[in-house]
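Read the figures in this text as sums done on the coordinates, not as results from a lab. Note that the coordinates shown come from a computational prediction; the quantities given were computed from them, not determined experimentally. All Cβ positions, glycine included, derive from the backbone under ideal geometry; neighbour counts span all protein chains shown.
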Amino acid sequence: MKKWIQKSLMVGVALLTLGFIPPSHEMWDSLLDDKGHREISGGEVHAEVLHEPEALPEEPAFPDIAKLAAKDQAFEKFGSRIGPVISDEFEEVILPKIEEAIDMTLVSLGPDAVRELAITERPAGGYSEKIFHIFDTATGKDVIRFHVRTDKRPQDGYFFNFHYHTAEDGFSRHIALGDIYWSKNTPPKWLS
């Protein structure tokens, strides 16, 4: 293939993808010659063998897993009736605070303790507050608990109060994440 066609293709791919997908050099090398040979200036032909070690996919770190699970379990708890109404405000206001609380807690524990952590698999339904807990798999004890409570405020209506508890104070203190307004009507049960 002529050099100008090859260069035109590379420029075209770069323009179409806005530079997000860099051209693979192996692809362009294979276009040069069907036999896998590459022509070098002066007319010499050399066989080029590319041996790249296959990189193993990196396993995501626990903080990333916890943040994804936080969002998934929150939306599971909201169900199909509450979720669509509060999802935007939850993602903009509450979720970043949950992620920040997870980061602060994990930093305070240290990297060795983080290896032993897991997340509860199912939020509580009905009128229960539990969204998810992060716990130590070795001891089975909770490290941090994320909850949402339904509050009825006279004259204002119903609010969802998002908060968390930590093991540091025996889970006695509510650490507020924020409130989301529902309406003056009673909200449905969780998971509905």
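Just one of (1) surrounded by 14 or more Cβ atoms within 10 Å (Cβ to Cβ); (2) of a type in the set (Gly, Ala, Ser); (3) in a helix (DSSP H, G or I) trips up residue 108, so point out which.
Evaluating residue 108 over (1) surrounded by 14 or more Cβ atoms within 10 Å (Cβ to Cβ); (2) of a type in the set (Gly, Ala, Ser); (3) in a helix (DSSP H, G or I) leaves (1) as the failure.
Kindly indicate whether residue 101 is part of a helix (DSSP H, G or I), surrounded by 13 or more Cβ atoms within 10 Å (Cβ to Cβ), among the small types (Gly, Ala, Ser) and out of contact with any Phe, Trp or Tyr (no Cβ under 8 Å at 6 or more places or on another chain).
The answer is no for residue 101.
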